[in-house]
Amino acid sequence: MLNKRSIEDIDVKSKKVLVRVDFNVPQNENGEITDDIRIRGALNTINHLMQNGARVILMSHLGRPKGKFNAKYSLKPVAERLSALINKPVVLADDVIGEKVAELTNNLKDGDVMLLENVRFYEQEEKNDPEFAKKIAELGEIYVNDAFGTAHRAHATTAGVADYLPSAIGYLIKKELDIMGKAITTPERPFVAILGGAKVSDKIGVIENLLDKVDTLLIGGGMAFTFYKAMGYEIGKSILEADKVELAGNILKKAEEKGVKLLLPVDMAVAPEFKNDAPITMVDADKMPNDQLGLDIGPKSMAIYSEIIENAKTVVWNGPMGVFEMPNFAKGTFALADAMSKCKGATIVGGGDSAAAVEQLGFADKITHISTGGGASLEFLEGKVLPGIAVINEK
Ligand code: AMP
């Protein structure tokens with residue numbers, strides 16, 4: 001179990017604290033922020049540092065400016081929104097490094113907050129260039145990482161800076177580690193994992209790691225068809241990873257050897273075309289018509305999966321059960337989101353599509369934890385130590 005130093009373990013009074021946050025917010029065509037959940041997600045950490053007299057220097061990326069200054073990706077709207085949220089001016093530097101930025105950091109008083117410009121205005125950021133990381137590190141005295149969503153990337157501000165400064169994690173990463181870490185190391189049982197999404201190949205690491213930990217693994221989404229193929233079922237025109245059929249067969253065998261119940265959907269919503277308004281038929285999984293494709297799990301599968309989820313003590317979910325972008329094929333995903341909301345155990349939703357489903361249904365407050373990072377939570381569930389967390393000092 002990781003035992004990383006957190007902001008609660010360090011004295012930040014009068015210290016310049018460089019904090020990597022994830023302010024990569026969605027914006028409309030006028031540059032207005034359409035959802036500020038990521039900014040609000042960092043407030044616990046920012047408030048803690050302000051209240052304890054730190055001189056807070058925030059850093060984030062926004063979009064993909066490809067290593068060059070581009071006003072479209074400026075963090076100006078973020079600085080304004082943050083200022084409104086903390087009820088205090090937030091100084092926005094017009095650069096990431098350099099003398100002018102250093103001067104701004106030296107003018108900070110205890111409890112002040114400033115924001116560096118988009119760190120991806122430098123191509124050295126994503127290359128984790130050591131010289132660039134060193135220049136950033138010189139702006140502060142302590143490094144705090146609180147950007148879980150980018151913790152699976154080793155970039156200059158998510159990892160490199162930690163080579164030059166004492167470091168700690170913020171509240172957001174601490175919460176992710178506490179809840180997801182407990183779920184996969186000492187879960188209350190039954191422990192159920194639900195995995196969906198398009199491809200087996202994207203989830204293979206997670207499946208292999210979870211097979212050693214869970215009691216039940218529920219599979220859905222496009223990846224189910226590669227398993228069916230391994231079982232000798234016909235799958236019609238459904239999505240298939242032909243080169244992963246053998247692997248899927250091995251996973252089925254391994255699950256059996258380990259005593260893990262690996263369930264596949266028993267029925268499917270099929271249609272002749274990949275279209276929302278294509279005519280839908282419900283068929284048993286072993287009776288897929290060869291001129292149709294499976295686009296969602298069927299009602300029998302929804303009932304079986306929902307009961308298992310509702311009776312679980314720990315549930316981890318990553319990936320939709322069907323092509324949920326099309327409302328007619330979102331029913332399986334929504335049914336599971338509903339079951340998650342009724343489960344009395346610890347419920348954890350990895351970021352991305354499954355998180356969106358839970359939020360769309362208004363169930364977010366009935367879920368124990370919705371991860372703030374899709375890719376990062378997937379890598380965490382694979383049992384990997386994320387680079388942005390590995391670099392942080394132990395307690
Ligand atoms: P992932 O990013 O791996 O979680 O996969 C999410 C994608 O899987 C979504 O865009 C879904 O539309 C897609 N998906 C889920 N079920 C199916 C299916 N039965 N056939 C094709 N694509 C699917």
Is the stretch 293-310 home to any residue that is surrounded by fewer than 17 Cβ atoms within 10 Å (Cβ to Cβ), more than 15 Å from the ligand (Cβ to nearest atom) and farther than 23 Å from ALA337 by Cα?
no
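If I ask for residues that are more than 16 Å from the ligand (Cβ to nearest atom) and in contact with a helix residue (DSSP H, G or I) (Cβ under 8 Å, 6 or more places away or on another chain), which ones from the stretch 209-224 would you list?
Selection gives ASN209, LEU211, ASP212, LYS213, THR216.
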Matching entry among PHE274, PHE329 (being crowded, with 21+ Cβ neighbours inside 10 Å, within 30 Å of ILE370 (Cβ to Cβ) and out of contact with any helix residue (DSSP H, G or I) (no Cβ under 8 Å at 6 or more places or on another chain)):
PHE329
Go through (1) away from the ligand (no atom under 13 Å from the Cβ); (2) under 28 Å from the mean Cα position of the chain (by Cα) one by one and return the number of the condition LYS229 breaks.
(2)
Out of curiosity, is PRO265 in contact (Cβ under 8 Å) with a residue 24 or more places away in the chain, assigned by TED's automatic domain parsing to the domain that holds HIS369, within 16 Å of the ligand (Cβ to nearest atom) and under 28 Å from the mean Cα position of the chain (by Cα)?
yes
Residue set ARG120, ARG55; condition touching a His at 6+ places or on another chain (Cβ under 7 Å), of a type in the set (Lys, Arg) and surrounded by 15 or more Cβ atoms within 10 Å (Cβ to Cβ); output residue ARG120
Filter result for ASN128 (in contact with a His (Cβ under 6 Å, 6 or more places away or on another chain) and either surrounded by 16 or more Cβ atoms within 10 Å (Cβ to Cβ) or modelled with pLDDT of 95 or more (or both))
yes
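The values are calculated or read from the model by the stated rules, or taken from the named source; none is laboratory data. These numbers come from a predicted model, not from an experiment. Please note: Cβ atoms are built from the backbone with ideal geometry, for glycine as well, and neighbour counts cover all protein chains shown.
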